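To keep things clear, I will list the structure first and then write my remarks on it.
No value in this document is a laboratory result; all are computed from the given coordinates. All of these numbers come straight from a predicted model, not from anything done at the bench. Ideal geometry is used to build each Cβ from the backbone, glycine not excepted, and the neighbour counts take in all protein chains shown.
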Amino acid sequence: MAQSFSLSYFFRTQTDMPHRIPRHQKIIQLVRENGFMPIDELARDLDVTPQTIRRDINTLCEQNILRRYHGGAALGSSVENEDYFSRKNKLQSEKAHIADLIAEHIPDNASLFMSIGTTIEAVALALIKNHKNLCIITNNIHVASIVSSRQDYTVMITSGVVRPVDGGITGVATIDFINQFKVDYAVLGASSIEPDGSLLDFDYKEVSVMQAMMANARHRYLAVDHSKFGRNALVRMGDITEFHALFTDEQPGDGICKKLDDAGVRWYLADKEDE
C-alpha cells in the first residue's frame, strides 16, 4: 500500500536508497548551474567513471531532461516538448502506478477537472475501473474518450481550439468554460518542476487553462513521473506548494521534499511492490 511521506519520515525509513537517483539529480543540478558540463568533469565531481556518466546522460536524454553534445551535456529544450506519441510510450508502468494511487484518493460521486497529458490519461484509465458516478470536465479529448465509456459518468469537454499534436483543447473559450464550475478535485500534470519548486510548461495557452482549473477546484492534485524533476521548460505555471498533494514514482530531491514538508503539502510515492 502506498503511503504519505514527510521529509523526516523518509530519512528515518529510507536510508538505503539506490545511488543512481541522487546522482542524476546532481548531474542535472551541475548542468543547470553551468549551462554545459563535460563528461570528464562530471565524472571527477561525482567520483564515478566516464562510462557511468555517459549511461546517466543517455538515460536523462531519453527522458528529455538533457541534450547530449560532443563531450558533454546541456539542458533539454525549454521551448519544444517531446512529441505526444513518444511521451505516451515512455514510463508507462510508472504512470499507471501513479494513476492507481491517485484513484485511491478520489471518492465516488466526485467532480473533477482533468488536464492535458499522458499521465492524466492514465488516471482516466484508473478511474473507470471501479469509480462510480463521477462528473469529469476535461480539455483532453483522449481523457473524454476514455471516461465516456462509463454510462454512469457525466463527461463535459471544454470549448476551445483542439491541438492536433496531442488532442489538447486551449484558448480563451476553454478558460471561460472552466470558470463556470467549482469542482471537488483538479488532477493536473506539469512538464517541469525546477529545484525551487517552480512548475513550468511549454505552452502559455495550456498553462492559462491549468491555472483556471486550479482556481476553481477545492482540492488540487499534481501527477508527475520522476522525469519531470529538473527538466527544462519555458512558461511558469505556478509553484508546487499551490497543490494539496503530489503523486509521483520516485523520491524528489531534498530541496523539494523540504519545501513540501514546510508547506504542509502531502506527497505520495506510487507502490511498486507488485513489479
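So which trypsin sites (Lys or Arg not before Pro) in the stretch 109-186 end up in coil per DSSP with only 15 or fewer other C-beta atoms within 10 Å?
When the trypsin sites (Lys or Arg not before Pro) of the stretch 109-186 are filtered for loop state and at most 15 Cβ neighbours within 10 Å, Lys132, Lys182 remain.
Using alpha carbons only, how many degrees (0 to 90, rounded to 10) separate the axis of helix 204-215 from the longest principal axis of the chain?
60 degrees
Using the scaling law 2.2 N^0.38 Å as the reference, what is the normalised Cα Rg of the chain?
On the way: Rg = 18.8 Å, N = 275, 2.2 N^0.38 = 18.6 Å.
The chain yields a ratio of 1.01.
Could you give the angle, 0 to 90 degrees to the nearest 10, between helix 20-34's Cα long axis and the longest principal axis of the Cα atoms of the chain?
With rounding to tens, the tilt is 80 degrees.
Measure up Lys26/Lys259; Lys26/Lys228; Lys205/Lys228; Lys95/Lys205; Lys132/Lys258 against 26 Å on the Cα-Cα distance and list the ones that go over.
Pairs exceeding the cut-off: Lys132/Lys258.
How big is the stretch 158-275 on each of its three principal axes, counting only the C-alpha atoms and giving the largest first in Å?
Here the spans come out as 39, 32, 29 Å, largest first.
How big is the gap, in Å, between the Cα center of the stretch 97-162 and the Cα center of the stretch 19-50?
Between the Cα centres of the stretch 97-162 and the stretch 19-50 lies a distance of 39 Å.
How large is the dipole of the chain about the Cα centre if only Lys and Arg carry +1 and Asp and Glu carry -1, each at its Cβ, rounded to the nearest 20 debye? Display every interim value, and only then the final one.
Working: 29 positive and 37 negative charges, 53 e Å.
With Lys and Arg at +1 and Asp and Glu at -1, about 260 debye.
On a 0 to 90 degree scale, rounded to 10, what angle separates helix 118-130 from the longest Cα axis of the chain?
The answer is roughly 50 degrees.
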